[in-house]
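The values are calculated or read from the model by the stated rules, or taken from the named source; none is laboratory data. This is a predicted model, so every value here is computed, not measured. Here Cβ is always computed from backbone atoms with ideal geometry, including for glycine, and neighbour counts include all displayed protein chains. In case anyone asks, the SASA skips ligands and DNA or RNA and just uses the protein heavy atoms, side chains included. Shrake-Rupley method; radii C 1.70, N 1.55, O 1.52, S 1.80 Å.
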Amino acid sequence: MPANILKRHNVKVLGKGNQTLIFAHGFGSNQTAWRHIVPAFESDYRIVLFDHVGAGKSDLSAYNPHRYNSLSGYAQDLLELCAELKLTGSILVCHSISAMIGLLAAIIEPHCFSRLIMIGASPRYLNDTGYIGGFEQSDLDAFYAAMSANYNAWVCGFAPLVVGNPEQPELAIEFAHTLQDMRPDIASVLARIIFQSDFRDDLPRLTVPTLIVQSSHDNAVPLEVGRYLAAKIPNNQFVNINAKGHVPHWSAPEEVIKIIRAYLVQ
């Protein structure tokens, strides 16, 4: 295991308590995405924050295109982080694609986690026969072409679409900034991995109890996807919150905090 794993992921450990909450951010973001959520829990829980390699203040020299040619590399990072900090039975709070990273990690080493909390999760973004993922391949091909042609221009269009909540324009501006902080080549590779992925067959293999939190109006993950997760993950609770956009922990943090708190005390 790399001796510099804490530096590699810019790991921050704070709070107090016997139970640990690990917060895993989504694509184009970093650990600062949880700043509205963490203060509500740090007096009662140990908090672990980290950046995926390629995001935030992670060690870019650790980026290896062979390791990170699938989400398995990111799942291995998460498990190595748990091993380094000697974490077992932690609660993983994961947004967007980190939910599938958490899924893979929990299937490999379920003892690391006592619960998963998935926010805006999707096992497959492409529509399929009998399945609504939200996107057609032609949509994604145009998406990739726009990223390659002019990354900054793509960011300016993508950020408000994903974040939603036009009455809070500062949210899209913040997301655009964190996206622009990513190296375009890493962002482009990761986007293709994410949007071409299909983890539907892995869902029934998850044994860790899971909370599925789904926004009512999410341009990236339709409500049908949340219901699909609820139908396929064996031990889950599904909560459809009255929030708009793909980042409810930004746009409706009080609602997200309330849902997480209620789940943790069960």
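Here are the numbers for the structure shown:
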{"quantity": "I193 being closer than 18 Å to L92 by Cβ, open to solvent by 10 Å² or more (accessible area, probe 1.4 Å), assigned to a helix (DSSP H, G or I) and out of contact with any Asp or Glu (no Cβ under 8 Å at 6 or more places or on another chain)", "calculated": "no"}
{"quantity": "Those residues of the range 231-247 which are in contact with a Gly (Cβ under 7 Å, 6 or more places away or on another chain) and over 12 Å from N219 (Cα atoms), in sequence order", "calculated": "F238, N240"}
{"quantity": "Failed item, numbered, when A243 is tested on (1) touching a residue at least 60 places away in the same chain (Cβ under 8 Å); (2) crowded, with 18+ Cβ neighbours inside 10 Å; (3) more than 28 Å from Y68 (Cβ to Cβ)", "calculated": "(1)"}
{"quantity": "Residue among G164, G157 that alone is more than 18 Å from the chain's Cα centre (by Cα) and open to solvent by less than 70 Å² (accessible area, probe 1.4 Å)", "calculated": "G157"}
{"quantity": "Unmet criterion (only one of (1) in contact with a Leu (Cβ under 7 Å, 6 or more places away or on another chain); (2) crowded, with 20+ Cβ neighbours inside 10 Å; (3) more than 20 Å from F27 (Cα to Cα)) for K232", "calculated": "(2)"}
{"quantity": "Residues satisfying the stated conditions in the range 163-208, i.e. within 18 Å of G54 (Cβ to Cβ) and of a type in the set (A, V, I, L, M)", "calculated": "A176, L179, M182, I186, A187, V189, L190, A191, I193, I194"}
{"quantity": "Yes/no for L79 being closer than 26 Å to I37 by Cα, within 17 Å of the chain's Cα centre (by Cα) and without any contact (Cβ under 8 Å) to a residue 40 or more places away in the chain", "calculated": "yes"}
{"quantity": "Cβ-Cβ under 7 Å pairs, at least 6 apart or on other chains, the range 110-132 side farther than 28 Å from V163 by Cβ, far side open to solvent by 40 Å² or more (accessible area, probe 1.4 Å)", "calculated": "P110/T207; H111/T88; C112/T88"}
{"quantity": "Index of the failed condition, I22 passing every other in (1) within 21 Å of M118 (Cα to Cα); (2) not in a strand (DSSP E or B)", "calculated": "(2)"}
{"quantity": "Test: residue in the range 167-187 that is more than 22 Å from S251 (Cβ to Cβ), open to solvent by less than 20 Å² (accessible area, probe 1.4 Å) and in a helix (DSSP H, G or I)", "calculated": "yes"}
{"quantity": "Residues of the range 11-39 that turn out to be farther than 24 Å from A172 by Cβ, open to solvent by less than 70 Å² (accessible area, probe 1.4 Å) and not β-branched (V, I, T), as a count", "calculated": "5"}
{"quantity": "Residue within the range 56-76 that is farther than 29 Å from P160 by Cα, open to solvent by 30 Å² or more (accessible area, probe 1.4 Å) and touching a strand residue (DSSP E or B) at 6+ places or on another chain (Cβ under 8 Å) present", "calculated": "no"}
{"quantity": "Close pairs from the range 217-228: first part of a helix (DSSP H, G or I), partner surrounded by 23 or more Cβ atoms within 10 Å (Cβ to Cβ) and among the hydrophobic types (A, V, I, L, M, F, W, C), Cβ under 6 Å, at least 6 apart", "calculated": "G226/I212"}
